[in-house]
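See below for the structure under consideration.
The values are calculated or read from the model by the stated rules, or taken from the named source; none is laboratory data. Note that the structure is a prediction, hence the values are computed from the model and not measured. Here Cβ is always computed from backbone atoms with ideal geometry, including for glycine, and neighbour counts include all displayed protein chains.
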Amino acid sequence: MNTMDRRDTLLGARGVTDARDWLLNADEPLAELQARCGGRVPGPLAIPELLDLVRQTRRMGLKIAREFSAFDGEAMVSGFARIHPARSGEDDGKTGCEVLVENWQRSLPPATEGRAYAERLDAIDRAAAEVSARLDARQRLQVLSALAPDAMELQAAGMAAAGQVWSELVELQGIAHHQPLHWRLLDGALCRFAGSRREWRVRLIPLGPDAQNPAGFELLLIADEPLAPGAHQPAAPEGEASATRLIGSALAPVLRQPVARIIANAETIRARLAGPLRDEYSDYAGTIASAGQHLAAMLGDLADLEVVETPGFSTAREKVDLADAAARAAGILGVRAQNREIRLVTHGEPGAALANAEFRRVLQILINLIGNAIAYSPAGSTVTITAAPAGEGRVCVSVADEGPGITPEQAEHIFDKFERLGRDSDGGKDKGSGLGLYISRRLAEAMEGELLVGAAESGGALFTLELPAFAV
């Protein structure tokens, strides 16, 4: 029998938890699953599916018996779980539980099938996330971006807290002890943070070929409910206020979450995670998801368009390390590049190219440029991002791809509003709203800089963001 199809069956396993939902002792199969999910014995119950059942049992004071399954990082574990409250004379939910798992089975699915399933779940959570961040291998924050109005305070705190462990910015629910914690203990946890009344679910997606020793993490925060219309209307940043900002101040905050839910639900249907489905209906769901993603991107672009075309629009001035900004932008788009088998390479010494600009606007421009480079480059190619001095009083960061390049005629109109580059993206995919480069150039000009286009040595396109140097 092929080892990838092997199914190991045991009679069962037993464990005991306390009022804190710590697993105090456990039979070997349960202890092994606890360890594979990042926990230890004794220690906090790290198996999300069992933890949910234990909490329900304690809350209701009743026995629960149902089928359960969990992924231990390598195989699917399934069985029939019986959770019994360990009563101490009162039904107060303050006692622990006895955990019994009968007909314990552990099966190794085909590697490609398991990987595809995990990628579908990740895609659904990315679609629904309103906060995303990139972490290093020690869960220290590199960059954080928020879409929700009630997460702007978190975004500002994240910008000021680069290099700190991300969990210091939030209040984790039901986790009393502090970092460092194994990432599997935090994946799926609930949290709250200043500025938002909603509860948020944490997703930590390991990056790199080895999930047991990740090179970093993608952090996603997914709200438990949409933001109520008018519930949070933050003041517009200086230079961005306008009575005519209908989309950015009124429509976009209200529509983002419902659109994200549409995308997530359509992805769930497309991937058949909710049950069997005929191929044509799965294809319909995929079309809905793609349309939702296009609408979400269009909302963001139109909101930015309103901002940059507001009379008197200006940006902040601060010291921006272009090498650091390039590395962060590449980190944010690393998963997208990996999915298309494109390598992102950054060059530039830290501190060698310091600009007098606004960091979040520089990052926005770089994400747009690198995103375009990924979309218009062939699979297996390289996108190179380079930060360097650019003459007296100027610094620059460039993005070069190995795609089809841009003709002089196309270059004359490439920064026009609603211009879609005039070249075909690899695979013929949708080329967006045609606003990204127009907005990026307006942002560059607001920072007293320039956004230029030319030919890369590889024959592809070369975009260069030039900015005034920071006076040390």
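So that you can scan it fast, the table gives a plain yes or no per residue for (1) modelled with pLDDT under 75; (2) within 20 Å of D210 (Cβ to Cβ); (3) loosely packed, with under 15 Cβ neighbours inside 10 Å:
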residue: V101; (1), (2), (3): no, no, no
residue: P109; (1), (2), (3): yes, yes, no
residue: G114; (1), (2), (3): yes, yes, no
residue: L121; (1), (2), (3): yes, yes, no
residue: I124; (1), (2), (3): yes, no, no
residue: A129; (1), (2), (3): no, no, no
residue: D136; (1), (2), (3): no, yes, no
residue: R140; (1), (2), (3): no, yes, no
residue: V143; (1), (2), (3): no, no, no
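Just the residues that are surrounded by fewer than 20 Cβ atoms within 10 Å (Cβ to Cβ) and modelled with pLDDT of 80 or more, please, taken from segment 156-168.
Those that are surrounded by fewer than 20 Cβ atoms within 10 Å (Cβ to Cβ) and modelled with pLDDT of 80 or more: A156, A157, G163, Q164, V165, E168.
Matching residues to (1) modelled with pLDDT of 85 or more; (2) surrounded by 15 or more Cβ atoms within 10 Å (Cβ to Cβ):
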{"position": "Y281", "(1), (2)": "no, no"}
{"position": "D304", "(1), (2)": "no, yes"}
{"position": "D321", "(1), (2)": "yes, yes"}
{"position": "F359", "(1), (2)": "yes, yes"}
Any hit, segment 1-11, residues being at pLDDT below 90 and closer than 25 Å to I175 by Cβ: no
Scan of segment 355-403 for residues that are basic (K, R) and assigned to a helix (DSSP H, G or I), ordered by number: R360, R361
Among the candidates P258, P229, P253, residue that is part of a loop (DSSP other than H, G, I, E, B), out of contact with any Phe, Trp or Tyr (no Cβ under 9 Å at 6 or more places or on another chain) and modelled with pLDDT under 80: P229
Odd one out for A390 among (1) within 27 Å of I205 (Cβ to Cβ); (2) surrounded by fewer than 23 Cβ atoms within 10 Å (Cβ to Cβ): (1)
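Among the hydrophobic types (A, V, I, L, M, F, W, C), out of contact with any Phe, Trp or Tyr (no Cβ under 8 Å at 6 or more places or on another chain) and either crowded, with 16+ Cβ neighbours inside 10 Å or within 19 Å of A461 (Cβ to Cβ) (or both): is that true of A330 in this structure?
In short, yes.
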Count - residues of segment 451-472 that are exposed (fewer than 15 other Cβ atoms within 10 Å of the Cβ) and in contact with an Asp or Glu (Cβ under 6 Å, 6 or more places away or on another chain): 0
Filtered residues of segment 329-351 (kept if part of a helix (DSSP H, G or I) and touching a residue at least 12 places away in the same chain (Cβ under 8 Å)): A329, A330, G331, I332, G334, V335, R336, A337
Test: residue in segment 30-53 that is modelled with pLDDT of 85 or more, among the charged types (D, E, K, R) and buried (at least 17 other Cβ atoms within 10 Å of the Cβ): no
